[in-house]
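Have a look at the structure below, then the notes.
The values are calculated or read from the model by the stated rules, or taken from the named source; none is laboratory data. Values in this document were obtained by computation on a predicted structure and should not be read as measured data. Cβ placement follows ideal geometry from the backbone for every residue including glycine, while neighbour counts extend to all protein chains displayed. All accessible areas refer to the heavy atoms of the entire protein, side chains included, with ligands and DNA or RNA removed. Shrake-Rupley method; radii C 1.70, N 1.55, O 1.52, S 1.80 Å.
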Amino acid sequence: MADINTILESLIQGNLEKLQVDVQAAIDTGLAPGDILNEGLLAGMDIVGSKMESGEMFIPEVLMSARAMSEALQILKPFLGEDSLNASGKVVFGTVKGDLHDIGKNLVQMMLESSGFEVIDAGVDVEPEKFIALIKEEKPNIVGLSALLTTTMGMMQQTVDAIKEAGLRDSVKVIIGGAPVTQEFADQIGADGYAADAGSASRLAKVLMA
Ligand code: B1M
């Protein structure tokens, strides 16, 4: 019989097929969908995030868990109210102009979604103007900027400055990340936070929402 521990186990193992079976069985046996989400899938991704930060899990394993989580969520979605999925807040997320790297961005996005955030994917090579348009349109709580090139780090500064000039800086928190980015750089450009990996990005987003 499926229970929360079985779901946690399958999720951490990144076992997509078993997780789908476990989630369906949990629904069939009458477990509350909110409990399956919060105590199973979201709690499981928190454990995955911690294991990633401590070096117990590596990128391919994290991707498998994140993918299993996304697919299992599809089974659960019809049983959940909109509120339980959007409870944590909304994030507009993109890789800055001039930069085409998106593997890390996608991973962070998946982790944020797994933590209950609604994520608007702005894509790659995103101009400051597009971020501004999305802030006006989507009214996110947080804007996430990713950069993998030292040459595009300056574009993070330009994006933060453009958001400020558009009079929108007080309405959103800005978080940044990517291999060449540091906390010192985040402080220098006036971002609200920096995260080194997907696990800490989702933790940071939750702290900023609190
Ligand atoms: Co590129 N590339 N690349 N590349 N590439 C790097 C980044 C590089 C370090 C390789 C190297 O020379 N050793 C180097 C940058 C050097 C530098 O600036 N210091 C480099 C270069 C030079 C280039 C080109 C200029 C090469 C060329 O054309 N001459 C070119 C630039 C294109 C462009 O963007 N305009 C280029 C192109 C490419 C590919 C297209 C071939 C491909 C990208 C495919 C894709 O993304 N769809 C690619 C790849 C794959 C890499 C490497 C090998 C791997 C990057 C990756 O996906 N890592 C990379 C070398 C490396 O990092 N070892 C390299 C895995 C990913 C999960 O990690 O992206 O760091 P990462 O994301 C992490 C964290 O950084 C963090 O969380 C993620 C998950 O833990 N994070 C955030 C990321 N964003 C965050 C945002 C947050 C918080 C955390 O909050 C908002």
*Can you work out which of the residues in region 197-207 that are more than 15 Å from residue 95 (Cα to Cα) and surrounded by 15 or more Cβ atoms within 10 Å (Cβ to Cβ) is farthest from the ligand (Cβ to nearest atom)?*
206
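Name the single residue that is modelled with the lowest pLDDT among those in region 31-49 being of a type in the set (Gly, Ala, Ser) and open to solvent by 10 Å² or more (accessible area, probe 1.4 Å).
34
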*Kindly check whether there is at least one residue in region 163-171 that is open to solvent by less than 10 Å² (accessible area, probe 1.4 Å), closer than 18 Å to residue 194 by Cα and not in a strand (DSSP E or B).*
yes
*State yes or no: is residue 66 assigned to a helix (DSSP H, G or I), crowded, with 18+ Cβ neighbours inside 10 Å and away from the ligand (no atom under 16 Å from the Cβ)?*
no
_So the check is Cβ under 8 Å with 6+ separation or different chains; which pairs have a first residue in region 12-33 that's touching a residue at least 40 places away in the same chain (Cβ under 8 Å) and a second one that's surrounded by fewer than 16 Cβ atoms within 10 Å (Cβ to Cβ)?_
14/67; 16/67; 16/71; 19/71; 20/71; 27/79; 33/79; 33/80
*When region 4-49 is examined, which residues are found to be in contact with a Lys or Arg (Cβ under 9 Å, 6 or more places away or on another chain) and within 21 Å of residue 201 (Cα to Cα)?*
12, 14, 46, 49
*asked:* Looking at residue 106 and the list (1) touching a Lys or Arg at 6+ places or on another chain (Cβ under 8 Å); (2) of a type in the set (S, T, N, Q); (3) within 9 Å of the ligand (Cβ to nearest atom), which single condition is not satisfied?
replied: (1)
*Restricting attention to region 137-182, report how many residues are in contact with a helix residue (DSSP H, G or I) (Cβ under 6 Å, 6 or more places away or on another chain) and of a type in the set (D, E, K, R).*
2
_So in region 90-117, with the set limited to residues that are small (Gly, Ala, Ser) and not in a helix (DSSP H, G or I), which one is most open to solvent (accessible area, probe 1.4 Å)?_
98
*asked:* Given the options 135, 120, name the one that is β-branched (Val, Ile, Thr), touching a residue at least 12 places away in the same chain (Cβ under 8 Å), surrounded by fewer than 22 Cβ atoms within 10 Å (Cβ to Cβ) and part of a helix (DSSP H, G or I).
replied: 135
_Selection within region 14-30 - open to solvent by 70 Å² or more (accessible area, probe 1.4 Å) and either outside any helix (DSSP H, G or I) or among the charged types (D, E, K, R) (or both)_ = 17, 18, 28, 29
